[in-house]
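Rule-based calculations on the coordinates, nothing more; no lab input. Being a predicted model, the structure only gives us computed values, none of them experimental. Neighbour counts are summed over all protein chains in view; Cβ atoms, including those assigned to glycine, are modelled from backbone coordinates with ideal geometry.
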Amino acid sequence: MSAPSTVVAHDVEEILGRDLPWSELDGATVLVTGANGMLPSYALHTLLALNDATGAGLRVIGLVRNEAKARRILGATVDRPDFELLATDVTALTELDGPLDVVIHGASAARPALHATDPVSTIKANTLGSFNLLDLAVAKRAGRFVLMSSSEVYGAQPEDVRLIPESSYGGFDILDPRASYSEGKRAAETIASVYAAQHGIDTRIVRFGHVYGPGLALDDGRVQADFAANVVRGENIVLNSDGRAMRTYTYVADAVAGMFYATLLGTDRAYNVADPNGMVSIRDLAQHFTRARPEKNLERVFTHAEHAEERSYNTSRFLGLDASALAGLGWQPLVDLDAGIDRMLRSFEA
């Protein structure tokens, strides 16, 4: 993703076009952690575009672990006078020069492969990182803390649950190293909540479902990244399962807009962010990707013959997030699945 690309710039313009009290952020110093990730980078670009559009006077600090990677991803953004690139690990951050008004904590090992191969770093970013950021927020008298959380906090759900509300928590094997991500996010939410209770920090927890769009690395490991990589390379999409599991897929610009709705208008502690119209099976998601570039004549390929047969969906695999609380604040997705996939592919093709 360039800094920002034409697609991203258009997306950010759409986000700023939302009917939100953006002036509440005027003059603020905002720290965005994990700033070269898909969701945090969109938040960062939105805040800087707010300066360009309204002269908001924001100072944005982007925290990253790898400076060279961040410069490659963020490009010319790092040279803006209203932006500061801070290269350190969030688990090592204990001091920060100057004022601090808002923290958006997005630093996390989101790639599924890392949850098993580097579970220690995975859980540290969410736990120790949250402690460090909230201690800074207390010391700097920051007024807002926004945690980018995940649908992973919900754990296993009953088979008859189709959309998970914010109040529903299931379990998972806490001794499995892969639980480092889910448990880390749960712990981060509790850490944020206790600091809010004890220190009065206005804290908002935003639980994202499955998000796709520009900025998602093609080697990320999640199906939406795999499918995009297949299309960009002109390859058929190979499914190793029946692909009938259904999830809510949300375009990144709509997801980040939802975060700002929760932050600027929300009164609840936690909000789900998910496009209800983006509920599709993995096999249908693959079909959307192949059809996005019909000139390439790509197909879905099932590795087992029995999976090629069209059968009715198993409703126990129909699982997504209930975003009605966020919709109650006025949020609604603007980018449907086909349009979002087209934008995602265009960002890579460019």
(Q) Give the residue list of GluC sites (Glu not before Pro) in the stretch 124-189 that are DSSP loop and have at most 14 other beta-carbon atoms within 10 angstrom. (A) GLU159
(Q) Which one, HIS210, HIS105, HIS288, has the greatest fluctuation when you compute a Gaussian network model over the chain with C-alpha springs under 10 angstrom? (A) HIS288
Q. At 222 nm, what helix-only mean residue ellipticity would the chain give, in deg cm²/dmol to the nearest 500, using -39500 (n - 2.57) for each DSSP H run of four or more?
A. -12500 deg cm²/dmol
Q | Over the chain: Rg over Rh, Cα atoms, Kirkwood Rh | A | 0.95
Q) So what are the ³J(HN,Hα) numbers for the stretch 169-182, from phi and the Karplus equation (6.51, -1.76, 1.60; θ = phi - 60°), rounded to whole Hz, Gly and Pro as x? A) 10, x, x, 7, 6, 6, 8, 7, x, 5, 6, 4, 6, 4
Q) What are the ³J(HN,Hα) values, in whole Hz, obtained from phi via the Karplus relation 6.51 cos²θ - 1.76 cosθ + 1.60 with θ = phi - 60°, for each residue of the stretch 251-268 in sequence order, with x given for Gly and Pro? A) 5, 4, 5, 5, 5, 5, 4, x, 4, 6, 4, 4, 6, 8, 10, x, 10, 7
Q.
I need the trypsin sites (Lys or Arg not before Pro) found in the stretch 105-148, filtered to DSSP loop residues with at most 13 other beta carbons within 10 Å of theirs.
A. ARG141
Q: With springs connecting C-alpha atoms under 10 Å apart, model the chain as a Gaussian network and identify which of PRO112, PRO333, PRO158 has the largest mean-square fluctuation.
A: PRO158
Q | For the stretch 106-239, projected area of the alpha-carbon convex hull averaged over all directions, nm² | A | 9.9
(Q) From the phi angles alone, apply the Karplus equation (6.51, -1.76, 1.60; θ = phi - 60°) to the stretch 8-24 and give each ³J(HN,Hα) in whole Hz, x where the residue is Gly or Pro. (A) 5, 4, 5, 4, 5, 4, 5, 4, 5, x, 5, 7, 10, x, 4, 5, 4
Q) Taking springs between alpha-carbon atoms closer than 10 angstrom, which of VAL32, VAL103, VAL78 fluctuates most in the Gaussian network model of the chain? A) VAL78
Q: Give the long-range amide H neighbours of VAL280: residues separated by 5 or more places, or on another chain, with amide H under 5 Å away, using H modelled in the peptide plane at 1.01 Å from N.
A: ARG247, TYR249
**Q.** Filtered GluC sites (Glu not before Pro), the stretch 34-117: DSSP coil and at most 15 other beta carbons within 10 Å
**A.** GLU95
Q.
5 Å is the cut-off here: which amide hydrogens, built 1.01 Å from N in the peptide plane, fall below it relative to THR29, excluding neighbours closer than 5 in sequence?
A. ARG59, ASP101, VAL102
Q) Distance in nm between label sites at VAL238 and ASP219, each 7 Å beyond Cα in the beta-carbon direction? A) 1.8
Q: Among the lysines, select those whose C-alpha is under 30 Å from the C-alpha of LYS140, and discard any that sit fewer than 8 residues away in the same chain.
A: LYS69, LYS124, LYS185
Q. What is the helix-to-structure angle for 337-349, meaning the angle in degrees between its Cα long axis and the longest Cα principal axis of the chain, kept from 0 to 90 and rounded to the nearest 10?
A. 70
Q: Rounded to the nearest 10 degrees, what's the angle between the helix 282-292 long axis and the longest principal axis of the chain, both from Cα atoms, 0 to 90?
A: 90
Q | Label-to-label distance, nm, for residues given as ASP82 and THR190 (7 Å Cα→Cβ offset) | A | 4.0
Q: Scan around VAL211 for amide H atoms under 5 Å from its own, H built in the peptide plane at 1.01 Å from N, and keep only partners 5 or more places away or cross-chain.
A: THR250
